[in-house]
Amino acid sequence: MVGREFGATGVQVPVIGQGTWQLGRDGLEALRTGIELGMTHLDTAEMYTGSEEIIAEAIRGIRNRIFLVSKVLPSNASYKGTLRACDASLKRLRTESLDVYLLHWWSGSHPIEETMRAMEELVAAGKVRYIGVSNFEVDRLKQAQKALTREKITCNQVIYHLRSRAVENHVLPFCESQNIAVVGYSPFDQGDFPSPGSKQGKALQTIADRHGKTPHQVALNFLTRRNSLFAICKASKAEHVRENAGGTGWKLNDEDLKLIDDTFPPAGKDEPLEML
């Protein structure tokens, strides 16, 4: 598994990680398979009922190999609420610290200054290594940055797949200018991946055949093509995890990139960022 520096952290993190939204216990074997394949960037959240406990089981005895990320719900993101939520996640994950803790999406309930103050307190206490956000547009990213006094925003986790490229307009360039990692979730459009017989599916297959890969691997390679980009995918079956792991270690050529742009045009305007 290819790794690269994760934002300003200086830490090498696998380009493709594993998401756990709606991952049931039947996904435990797949999670372990991914870890063995080097997909050790594991993403969860307090909102993902049961997933933190499943991760705890998967990483028992190998925590030092894992880049572990969880998130606080906006409704819990007051100063004290953020501290409590982190402690609860640590307990469910059976670990002493998180590598990154994210605000799941912008909070209309609590001032960003409260949330970021709590995040910095968690770093000072050794419970969190780095601070991140999720589903943040540029203006809100700037507000979160301004609210911090000692630490930096190290990543922004956003929806990013071939049919949803709006982040390329403003979010991605801003994050790159600030050395903030961009972690794309739902890279396969939550299961609505182009069908083999469709125009989009045929284009992906053409590229896949050129490289001896699969359409899903082509998509992952494209979505992680820049140094700032990472992807997390959820898979409940080991064979799908193995396929996902093959999305790195090779390079799309200019002809491939043009075909993708022609088939999946970049968004002409910004779209609302989703929240998973």
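Note that the stretch 1-41 shows a convex hull volume over its alpha carbon atoms of 63 Å³ per residue. Among ARG150, ARG32, ARG63, which one moves the most in a GNM of the chain with springs linking Cα atoms closer than 10 Å? So, out of ARG150, ARG32, ARG63, the one fluctuating most is ARG150. For LYS199, the lysines whose Cα falls under 22 Å of its own Cα, not counting residues fewer than eight places away in the same chain, are LYS213, LYS258. Counting only DSSP beta bridges with both residues in the chain, the antiparallel share comes to about 10 percent.
With the convex hull of its Cα atoms as the shape, the chain has an orientation-averaged projected area of 13.4 nm². Computed over the chain with a Gaussian network model linking Cα atoms closer than 10 Å, the most mobile of ASP189, ASP87, ASP139 is ASP139. Hydrodynamic radius of the stretch 142-276 by the Kirkwood approach over all distinct alpha-carbon pairs: 15.8 Å. Over all projection directions, the Cα-based convex hull of the stretch 1-112 averages an area of 7.1 nm². For the stretch 74-131, the spread of Cα positions along the three principal axes, ordered from largest to smallest, is 30, 20, 17 Å. Could you work out which residue, out of GLU137, GLU113, GLU239, moves most in a Gaussian network model of the chain, that is, has the largest mean-square fluctuation with Cα springs under 10 Å? Of GLU137, GLU113, GLU239, the most mobile in the Gaussian network model is GLU239. Annotation: peptides 53-61, 247-255, ranked by per-residue average of other Cβ atoms within 10 Å with the highest first, follow the order 53-61, 247-255. Compute log10 of I(q)/I(0) for the stretch 192-242 with the Debye formula, placing one identical point scatterer on every Cα and leaving out solvent, at q = 0.26 Å⁻¹, to two decimals. Computed log10 I(q)/I(0) values: -1.10. Assuming a ≥ b ≥ c are the square roots of the Cα gyration tensor eigenvalues, decide whether the stretch 55-206 counts as rounded (a/c under 1.5), prolate (otherwise, with a/b larger than b/c) or oblate. Oblate shape, in that a/c is at least 1.5 and b/c is the bigger or equal ratio.
Values quoted throughout were computed directly from the atomic coordinates according to the rules given, and no laboratory measurement underlies them. Keep in mind that this is a model prediction, so the values were computed, not measured. We place every Cβ from the backbone using ideal geometry, glycine too, and count neighbours over all the protein chains shown.
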